[in-house]
Amino acid sequence: MNTILVTGGAGNIGSSLVALLAKEPDTHVVIVDNLQTGFESHIPQLSNVSFVQANVNDYDAIEAVFDKFDINYVFHLAAVVGVERTLAHPIQVLQDIEGIKNILSLSKDSSVKRVFYSSSSEVYGEPFEVPQHESTTPLNSRLPYAIVKNVGESFFKSYQQEFGLNYTIFRFFNTYGPHQSDDFVVPRFLHAAKENLPIKINGDGQQTRSFCYINDTVSTCVNAYKNNLYVNDVLNVGNADEMTILDLAKRIISFANSKSEIIHLPALPEGDMKRRCPDNTKMKVVLGRELIRLEEGLKLMS
């Protein structure tokens, strides 16, 4: 029996990851989530899934989980997320470093074989090159959220060097899916379009992103776990179909056959990078199939 701990397992990526991991034979999935941005209703109600409401930044609370369960693998996804939320609460973001340290400290002293860490494309900051590659693109992060993710990567690499604790770092690019809140751009635009409400864009909309459907994201994570791929390595996880935010809005309006108008708001003061697109060559090898295109993903969300 493999016991897998998923922190942040009630969130958008976490809950879908748990559902897929729980399908693995002889697997028990333990979720830890403080429900700040996650929802208990998103957690799969399965006999081999356990839920503990706790804050991963609280050492005593997480130590109790490690004491209760014989954990073999950890997916550490718990973090403060959302551009506006992280900009508004930088101290709360910095506290996530404690959670990283707690997970690593407890994992190295237990039966954990590998820890999978949820980093972010934000570590690239304003890009020096596009697409952004795991090995060649410099990390240019400045905001607290990105800095914490970058620091986290360094912690994982250091623990492997000092203690032999294996890791895999996932640098997640924009992921969307049915459990995602309107804090994020795809569900926000889609909900507005379905109601024929204005779609609001910060700035001129020429900033670019790529959008990865949740099934592709979590399937990549699970395949890396199952097939022992990219041990002590970094993996971009994202779709390489780069588009402007303005184009995203137009495509969603067309998909929904909507009468929504596009309204431009002032640009965000910071945190809205000009371009973001992954080199996902390694991911495609792990996934083993073509990625889901935007319109197909929107159908799956509807």
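The values are calculated or read from the model by the stated rules, or taken from the named source; none is laboratory data. Being a predicted model, the structure only gives us computed values, none of them experimental. Here the Cβ is made from the backbone with ideal geometry for all residues, glycine too, and neighbour counts use every protein chain on show. Calculation scope for accessible area: heavy atoms of the full protein, side chains included, ligands and nucleic acids excluded. Shrake-Rupley method; radii C 1.70, N 1.55, O 1.52, S 1.80 Å.
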query = Is the shape of segment 65-144 rounded, prolate or oblate, going by the alpha carbon gyration tensor and its root eigenvalues a ≥ b ≥ c, with a/c under 1.5 for rounded and a/b larger than b/c for prolate?
reply = oblate
query = Over the chain, what lengths in whole Å, largest first, do the semi-axes of the equivalent ellipsoid take, defined as the square roots of 5 times the eigenvalues of the alpha-carbon gyration tensor?
reply = 31, 21, 19
key: Within the accessible area of the chain (1.4 Å probe), percent carbon and sulfur   = 48 percent
request  = For segment 201-264, report the accessible area per residue in Å² (1.4 Å probe, heavy atoms, rounded to an integer).
outcome  = 38 Å²
message = What is the sum of charges, Lys and Arg at +1 and Asp and Glu at -1, for the other residues whose Cβ falls under 13 Å from the Cβ of F211?
response = -1
ask   = What does the accessible area of S135 come to, in Å² to the nearest 10, when a probe of 1.4 Å is used?
value = 100 Å²
ask   = In sequence order, what are the phi-derived ³J(HN,Hα) couplings for segment 32-43 according to the Karplus relation 6.51 cos²θ - 1.76 cosθ + 1.60 with θ = phi - 60°, rounded to whole Hz, with x for glycine and proline?
value = 10, 7, 8, 6, 5, 10, x, 9, 4, 5, 7, 6
key: E126 accessible area, assembled protein chains, probe 1.4 Å, Å²   = 60 Å²
key: Built amide H within the under 5 Å cut-off of K200, gap 5+   = I263
task = Run the quick spin-label model on T244 and E126: label points 7 Å from Cα toward the beta carbon, then report their separation in nm to one decimal.
result = 1.9 nm
task = Under 19 Å from a label point 7 Å along Cα→Cβ of Q161: give me every residue in segment 106-126 with its amide N that close.
result = 108, 115, 117
task = Enumerate the aspartates and glutamates that K259 could reach by cross-link, defined here as Cα to Cα under 15 Å, with residues fewer than 8 away along the same chain left out.
result = E195
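Counting each DSSP H run of 4 or more residues in the chain as -39500 (n - 2.57), what helix-only mean residue ellipticity at 222 nm follows after dividing by all residues, to the nearest 500 deg cm²/dmol?
-11000 deg cm²/dmol
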ask   = Order of 191-200, 6-15 by packing, highest average Cβ count within 10 Å first?
value = 6-15, 191-200
message = So if I take the centroid of the Cα atoms in segment 200-271 and the same for segment 1-53, what is the distance between those two points in Å?
response = 24 Å
Folded to 0 to 90 degrees: helix 96-108 orientation relative to the chain principal axis, Cα = 30 degrees
key: Pairwise FRET efficiency - L300 versus Q45, Cβ, R0 = 22 Å, nearest 0.05   = 0.55
message = Pairs on different chains or at least eight residues apart, Cα atoms closer than 17 Å: how many lysine pairs in segment 61-161 fit?
response = 7
query = Please state the relative contact order of segment 25-95 as a whole percent: Cα pairs under 8 Å, 6+ residues apart?
reply = 27 percent
